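Read the structure below first, then the notes.
Nothing in this text is a laboratory measurement; each read-out follows from the coordinates by a stated rule. In this text, all values refer to a predicted model and were calculated from it rather than measured experimentally. A quick note on method: Cβ atoms are made from the backbone with ideal geometry, for glycine too, and the neighbour counts reach across all protein chains shown.
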Amino acid sequence: MAELTWGRHYAAVEPTAFRVDYAINPFMDPAVQPDAALAHAQWTGMVRVLRSLGARVDVLPQRDDAPDMVYAMNLGLALPGPAGDRVVLSHMRYPQRRMETGSAAGWFESAGWSTSYVGRDGVGAHLEAGDAFAFGGDLVVGYGPRTEELALKALATDLGLRVRGLRITHPGMYHLDLAFCPLDDRRAMVCPAALDDASAAALLDLVPEPLVLTEEEALTTFCANSVVVGRTVVMPACPPRVRAQLEEWGFEVVLVEVGEFHKGGGSVRCLTNPLDVTVGRELAPVPGGEVVLPA
Ligand code: ARG
């Protein structure tokens, strides 16, 4: 098996205004606020670990009015490629997060990326980038709680890719990145309990060697919400059974403490946004695009 060819360049948002001001997922409770200094220290520690593994991390400032902006994974779907660096900006399901998109667009544009949308400002399809990951040459996209099915067609057509949709039905795994983590070209952590039966079967078909997580493992440890740099898996926690399988496969597990961010419903993956998933490398061009949905 071959290491992931992506995962060495990220964007992250420095938490200077991280709060739980509203509840848009089952983890959030405005009565349980993060400790700002501890959250900042945890984030700094995570960035230090990623950089020590050789990953580049570019840092965006957080808007004061956007407490969830720290979950940079959702800013947009960044796809560099031979035809130029493109980012499809998220169109957040909840209006509480929509202001993040303007800041993300400005940041990407000033770094030379061309920006596009499948919907914006409450008009058109919702897309949240934490639902979209490259695997097996295709873009695997979870839809339901956040991203809408309509976004899949727009992504496939606009980007000229094969988009494999998976219907998320679990309210606690409202983004695909809480239930799916590519590990290398054949392996991924997957939590079928996040999906309806047909989508769970489709995901297990797609991954030649799945590391299947129970609902409890995924929900209580956020272990699928991890980042892979080469053969190192940077995780918020790792159940012993999961660690044993990862190590048997030759991965090294590195734990980082990001518990303050679990109060907003996100962990290591949510706090980072990969900028090196490349069209023509991880994603096979498909002229005109194609959407594949489970039966
Ligand atoms: N509070 C954020 C929200 O509900 C958490 C986002 C977590 N990010 C992720 N990629 N799963 O939108």
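Before moving on, here are some points about what is shown:
- Shape metrics for region 121-221, restricted to C-alpha atoms - Rg then Dmax, Å: 13.0, 40
- Residues Y174, Y71, arranged from fewest to most other Cβ atoms within 10 angstrom of their Cβ, appear as Y174, Y71.
- Springs join every pair of Cα atoms under 10 Å in this Gaussian network model of the chain, and among A201, A193, A39 the largest mean-square fluctuation is at A201.
- Dipole in debye (nearest 20) - the chain, about Cα centre, beta carbon charges: Lys, Arg +1; Asp, Glu -1: 360 debye
- Cα centroid separation - region 141-214 against region 237-259, whole Å: 22 Å
- Annotation: the residues S103, S90, S110, S226, sorted from fewest to most other C-beta atoms within 10 Å of their own C-beta, follow the order S110, S103, S226, S90.
- DSSP finds beta bridges in region 130-214, and of those with both partners inside it, around 45 percent are antiparallel.
- Rounded to the nearest whole angstrom, the semi-axes of the ellipsoid equivalent to region 1-107, taken from the Cα gyration tensor as √(5λ), stand at 25, 19, 13, largest first.
- Taking the inverse of the mean reciprocal distance over all distinct Cα pairs, the Kirkwood hydrodynamic radius of region 136-295 comes to 16.0 Å.
- Each of V253 and A198 was given a label point 7 Å from its Cα along the Cα-to-Cβ line. The distance between the two points is 3.6 nm.
- With helices as the sole contributors, the chain gives -7000 deg cm²/dmol at 222 nm; each DSSP H run of n ≥ 4 counts as -39500 (n - 2.57), and the sum is divided by every residue.
- Contact order relative to length of region 215-260, as percent, for alpha carbon pairs under 8 angstrom and 6 or more apart: 34 percent
- Computed Rg/Rh of region 149-202, alpha carbon atoms with Kirkwood Rh: 0.99
- V292-T169 FRET efficiency (beta carbon distance; Förster radius 22 Å; 0.05 resolution): 0.75
- Contact order, relative form, for the chain: 25 percent (alpha carbon pairs under 8 Å, 6 or more residues apart, mean separation divided by residue count).
- Contact order relative to length of region 102-209, as percent, for alpha carbon pairs under 8 angstrom and 6 or more apart: 20 percent
- Scanning residues 5 or more positions from T16 or on other chains, those with amide H under 5 Å from its amide H are Q62, with H placed 1.01 Å from N in the peptide plane.
- Gyration tensor analysis over the Cα atoms of the chain returns equivalent ellipsoid semi-axes of 24, 23, 19 Å (largest first, whole Å).
- Taking only the alpha carbons of region 175-256, we obtain Rg and Dmax values of 11.6, 34 Å in that order.
- Separation in nanometres of the label points that stand 7 Å from Cα toward Cβ, at R241 and S114: 4.8 nm
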